[in-house]
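Quick notes on the structure that follows.
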Amino acid sequence: MNTGIEPVICEGVIMVNRALSGDTFLMTIDCPEAAALAAPGRFVKVRSWAAPEEGGAPLLDRPFSIHHTAGSTLSLLYRVVGPGTALLSRSPAGSAVRVSGPFGRGLADVMEKPAPLYLAGGGIGLAPMRLAMNWAGPDNCLLFYGERSGAVQVDENWLKGWAGDFAAVTEDGSGYGRPGLVTAPLEEALAREPRPIFTCGPTPMLAAVSSLGQKYGVPVWASVEAGMACGFGVCLTCSLPLADGGRFRVCQEGPVVDGASVKWELVRS
Amino acid sequence: MTKPDLSVKIGPLNLKNPVMTASGTCGYGLELKKFCPPEELGAVITKGVSLTPWPGNQTPRMAESASGLINAIGLENMGVEAFVAKALPALKATGATVGANILGHSPEEYGALSKRLSLTDIDFLEVNVSCPNVACGGLAMGATPEGVAEVTAAVRENRGDKPFIIKLTPQTADIVAVALAAEREGATAVSLINTIPAMAVDLNRRRPVLANVTGGLSGPAVKPVALRQVWQCASNLKIPVVGLGGIFSARDALEFILVGATAVEIGTATLTDPAAPVKIIEGLRQWMLKEGLDDLDQLRGSLKI
């Protein structure tokens, strides 16, 4: 069940923190201890503001998928959605952050070995796809990237820089790529050549991709999210329902789980 | 005894220091051992257990508020038999002092849980009559002196020789009257406060943030409420009072002891830093050295009004 890897809590230094679209940022943190344990699908908690005992707010650190690692650094791709991510977006290079983790079971913990994959990222669910692509081999992966509109899409050239050829969609047709949902090009690809899928994004998308996996007889590895306080498996805020009636903790048995095992209709975002 | 002496007594129970983990914030004691070795604590109070496993509420189970956390876990737990068979022996093997937090729907269930746990090597019981997140659970019984008296009596009759602490809700008309009811019925001590009933709403979606609609507020936001009620109870009870509610630092813990708490529990702080309880123990020691205190009796209840 558990990976056996003990998370670390360390001080990191922000090396880069820049916008890739209006609200989407790329942050690179130098934190050798945590970076050494990074793996696709695993996540870290980050805090760039004062500790709660020093009066710092918000109270909780914020969890993020690991986007990329290089040397002693790890990178996060994050979107500003509330006060924590807003503070993070205003943290300049050179400032200190607390990094805890990595936490949870990643792609390498659920798949026996790297294999050709389809990668389906919706919105900021794009974040874990880069590390997954590096793990499975960039030539073995095809990325499907969906957004609500062009206004929130990440910079196309930056994306090409690591994803190579990819299929982009926007729900309203206002950006690069084609209009519609990410499941449309994904299903076309599955019909041509079935492959296992690694997916991350909003709950309705994860449910839809999991259904596609069943239709085409391929495993779907879904990186799920839930409101989370501790990351260590003790608070049970991130406990989600399984189809068999049981539950799992996103921070311990997840975040990467078999999409067919989750009772998606009971998961509210 | 090395100076300063941090040990405290709760009835017959000797704790090496006054810092315990609050139920539901340290799992079954071993999950955080790398950062918070359970044997270094005054005691570990484990996640509340019921007679049978409970599934808890749906998610979202938490919302953040200013200096606070609203949770509605719904007491998801493995049930007492799995606890006794697996979690308890593993935790006791570390040498930790262990208190089992128990929860039920009726005095009979509390009695049955107490009887079951009296047959184990648990060090003490903490009786949750104050959770705001279950439909017919603790809070209804915990809000009145009569309800608390009934549960306290059921535990007393069934706990064998185990000390037991009644954990109180701040949501009462008269906290002292409720605490005195526990004292009259033979409780070893009371602990307070449990979370404060609260809610968060999502304006854009026009719906509650929590799947359970309402939850319980914890964290620094509740500390002043907890401090007042601990002070009131400590001033009016003969049995020890265990203080909790928004304790994030040694200073916070010392404030609770100053108003009369015998010991403290660390809850939400552990969720933000798993080492918080051991950092607070060290902070107590440093403060006592700096202030020249030999033991905590020299501080306890010394508030000058």
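Structure above, values below:
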{"quantity": "Residue list for segment A:258-269, restricted to those being among the hydrophobic types (A, V, I, L, M, F, W, C), more than 9 Å from chain B (Cβ to nearest Cβ) and closer than 18 Å to B:Pro60 by Cβ", "calculated": "A:Val262, A:Trp264"}
{"quantity": "Output for segment B:24-52, where each listed residue is outside any strand (DSSP E or B), of a type in the set (Lys, Arg) and within 8 Å of chain A (Cβ to nearest Cβ)", "calculated": "B:Lys34"}
{"quantity": "The one condition in (1) surrounded by 20 or more Cβ atoms within 10 Å (Cβ to Cβ); (2) farther than 17 Å from A:Ala132 by Cα; (3) out of contact with any Lys or Arg (no Cβ under 8 Å at 6 or more places or on another chain); (4) at pLDDT 95 or above that A:Ala260 fails to fulfil", "calculated": "(1)"}
{"quantity": "Search result, residues across segment B:215-236 that are in contact with a strand residue (DSSP E or B) (Cβ under 7 Å, 6 or more places away or on another chain) and either more than 14 Å from chain A (Cβ to nearest Cβ) or of a type in the set (D, E, K, R) (or both)", "calculated": "B:Val225, B:Ala226, B:Gln229, B:Val230, B:Cys233, B:Ala234"}
{"quantity": "Scope segment B:170-208; condition under 20 Å from B:Ile102 (Cα atoms), assigned to a helix (DSSP H, G or I) and of a type in the set (Val, Ile, Thr); matching residues", "calculated": "B:Val178"}
{"quantity": "Near pairs, Cβ below 9 angstrom, 6+ apart or cross-chain, from segment B:254-271 (among the charged types (D, E, K, R)) to any residue that is surrounded by fewer than 24 Cβ atoms within 10 Å (Cβ to Cβ) and outside any loop (DSSP other than H, G, I, E, B)", "calculated": "B:Glu255/B:Lys223; B:Glu255/B:Leu227"}
{"quantity": "Candidate set: segment A:54-83, residues that are over 20 Å from B:Ser65 (Cα atoms) and outside any strand (DSSP E or B); chosen: the one farthest from the other protein chains (Cβ to nearest Cβ)", "calculated": "A:Gly71"}
{"quantity": "Criterion: more than 11 Å from chain A (Cβ to nearest Cβ) and not β-branched (Val, Ile, Thr) - qualifying residue of B:Ser7, B:Ser65", "calculated": "B:Ser7"}
{"quantity": "Selected residue (only one of B:Ala221, B:Ala261 is surrounded by 24 or more Cβ atoms within 10 Å (Cβ to Cβ) and not polar (S, T, N, Q))", "calculated": "B:Ala261"}
{"quantity": "Any hit, segment A:101-115, residues being in contact (Cβ under 8 Å) with a residue 24 or more places away in the chain and closer than 28 Å to A:Ala151 by Cβ", "calculated": "no"}
{"quantity": "Residue check, A:Leu236 at the interface with chain B (Cβ under 10 Å from one of its Cβ atoms), touching a Gly at 6+ places or on another chain (Cβ under 9 Å) and not in a loop (DSSP other than H, G, I, E, B)", "calculated": "no"}
{"quantity": "Complete set of residues in segment A:84-118 that are farther than 24 Å from A:Pro32 by Cβ and part of a strand (DSSP E or B)", "calculated": "A:Leu117, A:Tyr118"}
{"quantity": "Verdict on A:Ile29 being within 19 Å of A:Met129 (Cα to Cα), at pLDDT 95 or above and either in a strand (DSSP E or B) or not aliphatic (A, V, I, L, M) (or both)", "calculated": "yes"}
{"quantity": "Residue identified as surrounded by fewer than 17 Cβ atoms within 10 Å (Cβ to Cβ) and either within 12 Å of another protein chain (Cβ to nearest Cβ) or without any contact (Cβ under 8 Å) to a residue 24 or more places away in the chain (or both) among A:Gly245, A:Gly231", "calculated": "A:Gly245"}
{"quantity": "Selection within segment A:91-150 - surrounded by 20 or more Cβ atoms within 10 Å (Cβ to Cβ) and among the polar types (S, T, N, Q)", "calculated": "A:Ser100"}
{"quantity": "Which numbered condition A:Gly201 fails, given (1) within 26 Å of A:Glu6 (Cβ to Cβ); (2) surrounded by 21 or more Cβ atoms within 10 Å (Cβ to Cβ); (3) out of contact with any Asp or Glu (no Cβ under 6 Å at 6 or more places or on another chain)", "calculated": "(1)"}
{"quantity": "Filter result (within 22 Å of A:Ala70 (Cα to Cα) and in contact with a Phe, Trp or Tyr (Cβ under 8 Å, 6 or more places away or on another chain)) within segment A:118-127", "calculated": "A:Leu119, A:Gly121, A:Ile124, A:Leu126, A:Ala127"}
{"quantity": "Filter pass, B:Val264 being within 26 Å of B:Ser130 (Cα to Cα) and assigned to a strand (DSSP E or B)", "calculated": "yes"}
{"quantity": "B:Arg228, sole failed condition from (1) within 30 Å of B:Val278 (Cα to Cα); (2) surrounded by fewer than 19 Cβ atoms within 10 Å (Cβ to Cβ); (3) in contact with an Asp or Glu (Cβ under 9 Å, 6 or more places away or on another chain)", "calculated": "(3)"}
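The values are calculated or read from the model by the stated rules, or taken from the named source; none is laboratory data. Remember, it's a predicted structure, so these values are computed and weren't measured experimentally. As a convention, Cβ positions derive from the backbone with ideal geometry for all residues, glycine included, and neighbour counts pool all protein chains shown.
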